[in-house]
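Undergrad: Sharing a structure below in structure tokens format, with a few things to ask.
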Amino acid sequence: MQTFQDFQQILFLDIETVSGKKSYSELSDKMQLLWNRKAQTLAPVKDLPPAEAYTERAAIYAEFGKIICISCGYLIWQDGEPGFRVKSFYDIDEKSILLSFSEMIQKKAGWRLCAHNGKEFDYPYLCRRLLINGISIPDILSIQGKKPWEISHLDTLELWKFGDYKAFTSLDLLAAVFDLPTPKEDISGADVGRVFWQENDLERIRKYCEKDVFTTAQILLKMGGLNPVAQDKITYIEG
């Protein structure tokens, strides 16, 4: 039987990404050529003009995209009740985000990471962008040289699959089946690029990212047979 304490010292995280440049035309000639080759291998956009394909898909790939927000949270037990603390790192300067995040995460020795689809997206994307920005990968994120049983990253998508790899289950769908509030009530991942490049609204993106983090924690609790944390028990850490 799992208890709430079993879910402490887990750092839940989510990242939001956009294309590295506002438009395809801002890429160097070399990067345009490389994107053209990449886009031809992507089934959803291979028949689109390169510029349109770039707008649609570049954010997904760490070589052509960048991180604009990282939200992290963890479960706490306070005054006899479960709660959740969340902090976001967000800026137009990716390196500034990654340096602040790296400094924080290095203080979490012995903790585990948890993200939805984290093993396929969040964890590798973070590691790649850290290296591209000349920042060392913190130990908690690094898997190089580790044996499979030494890697303690959690992934709610992987846990939900129970070994079945036929389908992708979105965070929004899992929230619905567990009767949790949707994290997509305002925007979804498909809107992030537009909200960033056209509306310049990082605060809106931050709020969306934090909802995803909280929902991931709620889903992990439900998978463990525990009650979710009340919405009014979220504490936002500033600075």
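Undergrad: Which helices of the chain meet both criteria: a Cα extent of 18 Å or more along the helical axis and a mean Kyte-Doolittle score no lower than -0.5, with helices taken as whole DSSP H segments?
TA: In the chain, the long hydrophobic H runs are 202-223.
Undergrad: For the charge dipole of region 21-63, defined by +1 on Lys and Arg C-beta atoms and -1 on Asp and Glu C-beta atoms about the Cα centroid, which residue among Ala53, Leu33, Ser23 has the Cα displaced farthest towards the positive pole?
TA: Of the candidates, Leu33 comes out farthest on the positive side.
Undergrad: Further, regarding this structure: Given a cut-off of under 8 Å on Cα pairs at least six residues apart, what relative contact order in percent is computed for the chain?
TA: In percent, rounded to a whole number, it is 27.
Undergrad: Less than 9 Å Cβ to Cβ from Leu157, Lys/Arg counted +1 and Asp/Glu -1: what total charge do the surrounding residues give?
TA: -1
Undergrad: Moving on to the next point. Can you give the charge dipole size of the chain about its Cα centre, rounded to the nearest 20 debye, using +1 on the beta carbon of Lys and Arg and -1 on the beta carbon of Asp and Glu?
TA: Dipole of the chain, to the nearest 20 debye: 720 debye.
Undergrad: Also: Taking just the alpha-carbon atoms of the chain, what radius of gyration and Dmax come out, in angstrom?
TA: For the chain, the Cα radius of gyration and maximum Cα-Cα distance read 18.2, 59 Å.
Undergrad: Can I ask one more? Beyond a 25 Å Cα-Cα separation, which of these cross-linked pairs lie in this structure: Lys87/Lys108; Lys46/Lys166; Lys38/Lys146; Lys66/Lys87; Lys46/Lys147; Lys95/Lys211?
TA: Pairs exceeding the cut-off: Lys38/Lys146; Lys46/Lys147.
Undergrad: Moving on to the next point. Round to the nearest 0.05 the FRET efficiency obtained for Glu185 and Asp6 when R0 = 35 Å and r is the Cβ-Cβ distance.
TA: 0.75
Undergrad: Projected onto the charge dipole of region 98-239 (+1 at Lys/Arg Cβ, -1 at Asp/Glu Cβ, origin at the Cα centre), which of Leu174, Met104, Ile205 gives the Cα projection farthest towards the positive end?
TA: Checked the options; the winner is Met104.
Undergrad: Any idea how far apart Trp197 and Gln78 come out in nm if each label point goes 7 Å out from Cα toward Cβ?
TA: Once both label points are built, they end up 3.9 nm from each other.
Since every read-out is calculated from the coordinates, none of them should be taken as a lab result. Source: prediction; values computed, not measured. Note that we place each Cβ from the backbone using ideal geometry, even for glycine, and neighbour counts take in every protein chain shown.
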